[in-house]
1. Consider B:Glu266 against the criteria (1) over 20 Å from the mean Cα position of the chain (by Cα); (2) surrounded by fewer than 24 Cβ atoms within 10 Å (Cβ to Cβ): it satisfies all of them except one. Which criterion is unmet?
2. Regarding B:Arg335, is this residue within 30 Å of B:Asp412 (Cβ to Cβ) and away from chain A (no Cβ under 14 Å)?
3. With the condition kept exactly as written, say whether any residue in region B:507-517 is hydrophobic (A, V, I, L, M, F, W, C), more than 23 Å from B:Arg60 (Cα to Cα), touching a helix residue (DSSP H, G or I) at 6+ places or on another chain (Cβ under 9 Å) and more than 14 Å from every other protein chain (Cβ to nearest Cβ).
4. State whether the residues of region B:539-557 include one that is touching a Gly at 6+ places or on another chain (Cβ under 7 Å) and not assigned by TED's automatic domain parsing to the domain that holds B:Leu234.
5. Can you name every residue in region B:501-542 that is crowded, with 24+ Cβ neighbours inside 10 Å and of a type in the set (D, E, K, R)?
6. Consider B:Ala353 against the criteria (1) in contact with a helix residue (DSSP H, G or I) (Cβ under 7 Å, 6 or more places away or on another chain); (2) at pLDDT 95 or above: it satisfies all of them except one. Which criterion is unmet?
7. Scan region B:432-453 and tell me whether some residue there is within 26 Å of the chain's Cα centre (by Cα), polar (S, T, N, Q) and at pLDDT 95 or above.
8. Among the candidates B:Ala762, B:Ala735, which residue alone is away from chain A (no Cβ under 14 Å) and surrounded by 24 or more Cβ atoms within 10 Å (Cβ to Cβ)?
Amino acid sequence: MPADRDDSPGRESNQNAAISRRSFLKGTGLAVAAAGVAPGRALAGPGSDQEEVPVFGPGPVPIRFELNGEEVRVEVEPATTLLDLLRDRLDLTGSKRVCDRGSCGACTVQVNGRAVASCSILAVDVTGQKVRTIEGLSSAEGELSPLQQAFVDHDALQCGFCTPGMVMSCQALLERNPKPDRPAIAAGIAGNICRCGTYQNVFEAVEQASGQGGGK
Amino acid sequence: MSRDPQTITIKVGFGDQVRELVVTIGEGDIPPYQVGDRHDEVGQRRNRVDAVAKVTGRARYTYDRKGAGMLYGKMLRSPHANANIRSVDLSKALTMPGVKAALDFVEVFKDRSARYAGCSVAAVAAETEAQAEAALDAIVVDYQVLPFAVTTEAAMAEAAPQTGRGDDRNVSARGLRDGESAADFLARIADQDQAVQEAMKGQTVVSGRFSTSVQTHSALETHGVVCDWDGDNLLCYCSTQGTFGVRRDATASPQLRARNARVVAEYVGGGFGAKFGLGREGVAGALLAKRAGRPVRLMLDRREEHVDGGNRPDSFHDLSMAVGRDGKIVALKARNWGTPGNGSGGAGARNQAYYAIPLVDKVELNVRTNAGGARAFRAPGYPQGIFALESLMDMAADAIGLDPLEFRRRNDPHPIRIHEYDLGAERAQWQKRRNRNPGAGSDPIKRGMGMAATEWFNPGGGGASCLVRIMRDGTVEVRNGAQDIGTGTRTVMGMVVAEELGLRIDQVETFIGDTRDPQGPGSGGSTTIGSLTPAARLAGYRAAEQLLGLVAGQTGWKAEDLRLRGGMVVRKDGGRLPREMSFAQACALIADEAIEVTEKHPMVGSGRNASANYEGFADTNSGLQFAEVEVDTETGKVRVLRVVAVQDSGKYLNPKTAESQIRGGVIQGVSYALFERRIMDRHQGHMLNADLENYRVVGALETPEIDVVLVDVANGKNNTSVMGLGEPPTIATAAAIANAVANAIGARVTSLPITPRKVLEALAAKGRKR
């Protein structure tokens, strides 16, 4: 149900915090200039009436952002997606590319707390932003977050390929709505496909993590 | 210790259905888990051992593997639904930036045919994915484009273009004559079975035509490999459900000429039947790595996975069933056809199943089309065939005025399922939730409940070994080279060993998915657990025996009086030992570094008569599913509210993961019932919905509440008494939903998926009949 998924709370961030590859290429990007980093040649300030379009590249451009609490400085080709940067350059392979078009949620990360499909936003667009991936969810000592522990306890995973994205969508949901009821949980993960069929276990896990359900 | 076959008496069954059985068990085997056994670990709800790796993103799948200097492989695919390849020109591609190797599949696979849009024809490896994609555009292929047929109907038509190779005919069936069309054949054999024709006379006969759509596996991790060579030795990370099969393919490949191959699949992002064998993508990945002298990752993208990663054939059924006045089925006549695409397998649909049907006249046709080939898919042939059979069962019950549950019970010979009707009816509130007046009332939202049965047959086979290693420091390793595709195999393998060693699952380390470790089965036919856990348990038992032997030697206690339990050496009879000895203290007695025991799945008999299984309580496992639906008769939209799944599967070694698997099977069944279908463009020959928003699968918003009822059976067919559970829970769901829809609206949708349009059409047809 693509329409439902697009309208779901979990996906709102796709429209707000990020821009798609296509809109970027059309030159209507907005986030970069506001970030105050000078990655390209020409920059238009936010709200500027002048149609001065930020242009990156064609060569690699330096970007800087916060990743799992630490500052990252890296040069990326402007066409690089956040997902590819994470996986191929920074070796954070928890996020998965499954559909490569924002319809399955397996690449979900948080950008400034919101769930974002990292396959569908450019790495340059997270300049100056806070990115959190599944690797940043457990403590530095490796202790699982309560949500992760709830996933383990409720067996909310089978093959596990959707799991990092699923966990991140749930994390974003809980930050937005600490006590979601079942319809809210279902809506929160409506953009995350699990082919093994763990949805009910995920509901139970989120309920446990939000203090609404017992252990199992 | 004796290694001769032993004849023993065991207690098998469940609930009040318990009986003693005299069985001969395999050489060196130990008695199966039986009624009355008490376990500390087995049968407990345990967390999956790899759950932490999966929730932290640390689990490394094939797709996550990376080698130094790794290249990205990509395949070029035919844009034509049917073509012969005259030539492939790689010369320009080889000069493109970053390109390190390229393959012409005519040369590699000696195959000039491209019989479906999306058939692979060439491959490249380059420094970046973008460079590889750009290089594909530079490959020049000269195609001889041929006419095609991409749907079952089109390929069966009288003047259909040839869809296959050489002399292959589009339609194959037993008894089909040369030059005879499918329609003529079906007409000629319509009444071929005189016994069935005779038996049907004077009985109540119900008939129907049913159909299902092509379903793609859509595992989230696509097919693919990461390959690296060390001289002639291949290291192949592969997203597979058969590590040893892939290894065999690699070493047998005339293209690769590998002296040895090590296949690794520690984590696999789903399989569902489509991931056996190395495949063209695997050969291409390995060969590109060999030619480039660097590691190569070649994973399919989502579109490729849909068009070339396998699927469940569609199906069409003409069924007739005759039922006597006593409510007993007299005969079944079935004509089926469907397409396995351009694959090598058949399209068989199983609908002569479960019930005592004295006479069956069944003819099946396979129809080759210009579409991606079918592969095994979770209970091959069953969900489609059972949808048709169980729809007809409800129609028959209706025709003779019997409750559908009662009608099934009267015809059900299964020794376990026969006891599940009451259990399921009570849990589902069958009497209360059935709609007494289907379709009646002014509210446009109608509710209904339907049911259907399931059955499967796999207590496992031979061909599995397990290594248990108890180290002097008390560490325990359990190793097998087969894979866990998300089923929980790894966890139950560890649990049965932990039980023998008196430990908890978190006190043993499990290793899986590496062909350097002992052999294991491919995960197909729900065989894995029944093949592997008896070997693992036996290895654990023998390792414990050795450890207790050391204890006895050192203390003077009698080994046969001892066992391991709760992390201690204890007396079997519960009595006190002169002093306490922990498992760790016992391990310190090991003179070498470790006790190592490898055991195979025990067999009875030898040679051709060898059997991996014993006589048990029942040869098959069974179940029932009840679906409650809500149908909006104005929009045609169906919501599945609740599914009750009653399932037996031998001994439940880990009820927690078993329940997950049943829930998952139900969810895939809901998806199959309501959403999934491959849509082919009849004019261009392409799959139109090769993505994950137009090829819809169930999401969280559409998932019903699933109530699982586990029926634990000491089956006795192997030493862990277990039966496979991958397939059975997805078989009955679509049929139960279809019956629930009919119960809600008083009109039957006879085609899957049950889309709003089909619901509205069924309602309109009912209106016309009035």
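The values are calculated or read from the model by the stated rules, or taken from the named source; none is laboratory data. Treat the numbers as computed from the prediction; the structure is a model and nothing was measured. Reconstructed Cβ throughout: ideal geometry from the backbone, glycine too, with neighbour counts over all protein chains shown.
1. (1)
2. It is true that B:Arg335 is within 30 Å of B:Asp412 (Cβ to Cβ) and away from chain A (no Cβ under 14 Å).
3. no
4. No.
5. B:Arg537
6. (2)
7. If we filter region B:432-453 for residues that are within 26 Å of the chain's Cα centre (by Cα), which is where we start, we get B:450-453.
Cutting the leftovers down to polar (S, T, N, Q) gives us none.
Scanning region B:432-453, I find no residue that is within 26 Å of the chain's Cα centre (by Cα), polar (S, T, N, Q) and at pLDDT 95 or above, so the answer is no.
8. Answer to the selection: B:Ala735.
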